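Enquirer: Here's a structure for you.
Just so it is clear, none of the values below were taken in a lab; they were calculated from the coordinates. Keep in mind that what you see is a predicted model, and the values were worked out from it rather than measured. FYI the Cβ positions are ideal-geometry reconstructions off the backbone, even for glycines, and counts take in every protein chain you see.
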Amino acid sequence: MRPADYLDRGRLLAGPDAICLATPEADLTYDEAVVATHRVATTLRRLGAAGPGANVAVLSPNHPNALVAILGIARAGATYVAVNTANSAEDNITVLRSTAVEVLFHHSKLRPQVDQMTEALTGLHTTICLDDEVAAQWTKPGPGSDGEPGDDPLPHEPDGLAYLLPTGGTTGPAKSVMLTNANLEALVANQITALPTAEQPVYLVAAPITHGAGIMALGFLAVGARIEMLPGVDPSTVLRTMEERRVTHLFLPPTAIYNLLATPGVEDHDYASLRSFVYAAAPMARDKLRRAIDVFGPVMAEVYGQSEHPFATILTPEEHVAVLDGPDEGRLASCGRSTAFTTLRVLAEDGRPAPVGVSGEIALKGQGVSPGYYENPEATAEVRHDGWHLTGDIGYQDAEGYVYIVDRKKDMIVTGGFNVFPTEVEQVIHGIDGVVDCAVVGVPDEKWGEAVKAVVELEHDTELSEAEVIGACKDRLGSVKAPKSVDFWPELPRSGPGKVLKREVRKHYWEDHDRRI
């Protein structure tokens, strides 16, 4: 199945007049959404951006037409390239260049960045605004034409490339994770199995659709859910929407959940409709998790995965409640057990399975594993071992198969659900006058899970403030990748050849914590 096929299945289950996409401004029925995706596909065919090998990007905050465009790209047989609105223009130009994107759907709010893209990329020949009158015609009722439902000439290709999810930065060739139609099938199968629904679900999308919230939408479309979409995670709006729209499922990173819990009056809303409140991208602090269960009910569910294999493990709501205040409460530190269609193993340094309770690198197998990185076989080979995908995360399993992540083999920082590559930040800091060297690491943070910290060594008698370092990084990289704090050390630890020992820097900040991510 292709992503658009889940929409078609949802139309059959819920009915053509059922609400598919709901926003504070307007609703879109399943019938209207299906027609709109066909019109997008027709547009792409006319532009010559359809079929295998055509990569089409979407740059937009949460907006119903952004999801319509993603599904329309799939209906045209092209590949959707996810572009992060939190990235700098230069980062996104690198992504579009590395994936040879010729057509870009965008929101009008991003027009200044789009102008930079069109100037820098000679291959980007068409940009389409998602919130203007042209896009509004996608959902207008009208007579049948080419591109209306029924006109679906492309065969179903399990190995067809459905999504490209960029993970790289500006310091080298961008890496984009390839997800095939079969990969997404496995995701949907794992999701539906792990989070079963007895009634028509109402799924709230407030986190960016470019990340987990958008990918999970496929599984909810497949069961005929109503997708409630908000432009962002405004805590008061999210809480009010959960109550008024009788939300049954939602996904947020822990930092956003902490903001909900800190909102005055959070206990005053009715959350009786909730069935699953999924968190991922970072562990939740134990006291915050306990409070979330007190406030929202026995609905919290933790998911672990990566772009290379979303939805690899699940700690279900039932498992959360079963161990709360009991002898096995420590299990709340795990990210659960492997999902139904995922095989998970912990590998020792010699590549053999590690014994129970012994840490090693978490490795995955199954139909959900990406075939690799787009046009980058070298990077793909680095994360493969004897048929296993190497996650770069260090952890162990207990005797019941629960997975505990304790460290990260890679330098990548996951902060508030976003990936930050330290070398990008270090490159900016190295360019500041008076900096001898620096190390950028993730440090424990109650709000963000991990926060970006810069540790800087200065030239003798140089004066540089924390605000100056953070400001330089914000100007170049944006607020997500900029350090939240800066420490100045007289000397950074180094190896014999003089390389900064980043692991020693990280250890300094994590030494009193059970987990090191």
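Enquirer: Suppose each label sits 7 Å from its Cα in the direction of the beta carbon; what would the D512-H125 distance come out to in nanometres?
Expert: 6.1
Enquirer: Would you mind ranking C335, C129 so that the residue whose beta carbon has the fewest other beta carbons within 10 Å leads the list?
Expert: Details: C335 21, C129 17.
Lowest to highest Cβ neighbour count: C129, C335.
Enquirer: Here's another thing I want to ask about it. Enumerate the amide H contacts of G305 below 5 Å, restricted to partners 5 or more residues apart or on another chain; note that Pro and chain-start residues carry no placed amide H.
Expert: HN-HN under 5 Å from G305: A281, F311, A312.
Enquirer: If you average 1/r over every pair of different alpha-carbon atoms in region 6-133 and take one over that average, what Kirkwood value in Å do you get?
Expert: Taking every pair of different Cα atoms in region 6-133, averaging 1/r and inverting gives 15.0 Å.
Enquirer: Taking the number of other C-beta atoms within 10 Å as the exposure measure, put E457, E446 in order starting with the fewest. Could you put the intermediate results ahead of the total?
Expert: Numbers: E457 17, E446 12.
By the 10 Å Cβ count, ascending: E446, E457.
Enquirer: How long is the gain from F488 to E400 if the chain were fully straight, where each residue apart is worth 0.36 nm and the alpha carbon distance is subtracted?
Expert: Values: separation 88, 0.36 × 88 = 31.68 nm, distance 4.44 nm.
Extra length from F488 to E400 when fully extended: 27.2 nm.
Enquirer: From the backbone phi of region 346-361, what are the Karplus-calculated ³J(HN,Hα) couplings (6.51 cos²θ - 1.76 cosθ + 1.60, θ = phi - 60°) in whole Hz, Gly and Pro given as x?
Expert: Once rounded to whole Hz, the list reads 9, 9, 6, 4, 7, x, 8, x, 7, x, 4, x, 9, 6, x, 7.
Enquirer: Hull surface divided by four, with the convex hull built on the Cα atoms of the chain: how many nm²? Don't jump to the answer; show the numbers that get you there.
Expert: Numbers: hull surface 98.7 nm².
If I average the Cα hull's projected area over directions, I get 24.7 nm².
Enquirer: Next question. Using alpha carbon centroids, what distance separates region 4-72 and region 274-322, in Å?
Expert: Centre-to-centre distance over Cα atoms comes out at 29 Å.
Enquirer: Here is a further query. What are the residues whose amide H is under 5 Å from the amide H of S176, where those residues sit 5 or more places off or on another chain and H is modelled from the backbone?
Expert: Here T167, Y374 satisfy the definition.
Enquirer: Express the Stokes-Einstein translational diffusion coefficient of region 20-77 in µm² s⁻¹, to the nearest whole number, given a Kirkwood radius over alpha-carbon pairs, 25 °C and a viscosity of 0.890 mPa s.
Expert: Values: Rh = 11.8 Å.
Approximately 209 µm²/s, per Stokes-Einstein.
Enquirer: Further question on the same structure: Among I227, I73, rank each residue by its count of other Cβ atoms within 10 Å, from fewest to most, as a rough exposure measure. Walk me through the numbers on the way to the answer.
Expert: Values: I227 23, I73 31.
So the ranking, lowest neighbour count to highest, is I227, I73.
Enquirer: Rounded to the nearest 5, what % of the DSSP beta bridges within region 419-510 are antiparallel ones? Can you show the working numbers first?
Expert: Values: 11 of 15 bridges.
If I count the DSSP bridges inside region 419-510, around 75 percent turn out antiparallel.
Enquirer: Over 23 Å apart: what share of the alpha carbon pairs of region 247-381 falls there, rounded to a whole percent?
Expert: Pairs farther apart than 23 Å: 43 percent.
Enquirer: Near K409, which aspartates and glutamates are there with a Cα under 14 Å away, not counting those fewer than 8 places off in the same chain?
Expert: Cross-link targets: E349, E361, E382, D393, E504.
Enquirer: Please grab the % of Cα pairs in region 406-495 that end up more than 18 Å from each other.
Expert: Values: 1603 of 4005 pairs.
Of all Cα-Cα pairs in region 406-495, 40 percent lie more than 18 Å apart.
Enquirer: Still on this structure: Beyond 30 Å between alpha-carbons counts as too far, so tell me which of K109/K507; K109/K288; K410/K484; K175/K484 fall in that bin.
Expert: Details: K109/K507 41 Å; K109/K288 34 Å; K410/K484 20 Å; K175/K484 25 Å.
The pairs that break the limit, which is 30 Å between Cα atoms, are K109/K507; K109/K288.
Enquirer: Turning to a different aspect of this structure: For E459 and T343 in the same chain, what is the full-extension length gain: residue separation times 0.36 nm, less their Cα-Cα distance, in nm?
Expert: On the way: separation 116, 0.36 × 116 = 41.76 nm, distance 5.05 nm.
Additional length available on full extension: 36.7 nm.
Enquirer: Under 5 Å between amide hydrogens, which residues at least 5 positions from V81 or on another chain qualify, with H placed 1.01 Å from N in the peptide plane?
Expert: V56, A57, V58, L164
Enquirer: Which whole-percent values make up P(r) of region 167-288 when all C-alpha to C-alpha distances are grouped in 10 Å steps starting at zero?
Expert: 12, 40, 33, 13, 3
Enquirer: Cross-link partners among aspartates and glutamates for K447, C-alpha distance below 18 Å, same-chain residues fewer than 8 apart left out?
Expert: Within reach: D234, D287, E302, D512, D514.
Enquirer: Roughly speaking, what is the stretch gain from D27 to D115, that is 0.36 nm per residue apart minus the C-alpha to C-alpha distance, in nm to one decimal?
Expert: Details: separation 88, 0.36 × 88 = 31.68 nm, distance 3.06 nm.
Full extension from D27 to D115 adds 28.6 nm.
Enquirer: Also: Semi-axes of the equivalent ellipsoid for region 187-250, please: Cα gyration tensor eigenvalues, times 5, square-rooted, ordered largest first, whole Å.
Expert: Numbers: eigenvalues 77, 40, 13 Å².
Semi-axes (√(5λ), whole Å): 20, 14, 8.
Enquirer: To the nearest 0.05, how large is the calculated FRET efficiency for T423 and R384 if R₀ is 22 Å and r is the Cβ-Cβ distance?
Expert: After rounding, the FRET efficiency stands at 0.45.
Enquirer: How large is log10 of I(q)/I(0) for region 318-402 at q = 0.15, 0.18, 0.21 Å⁻¹ when the intensity is taken from the Debye formula with one equal scatterer per alpha-carbon?
Expert: With one equal scatterer per Cα and no solvent, log10 I(q)/I(0) is -0.63, -0.83, -1.01.
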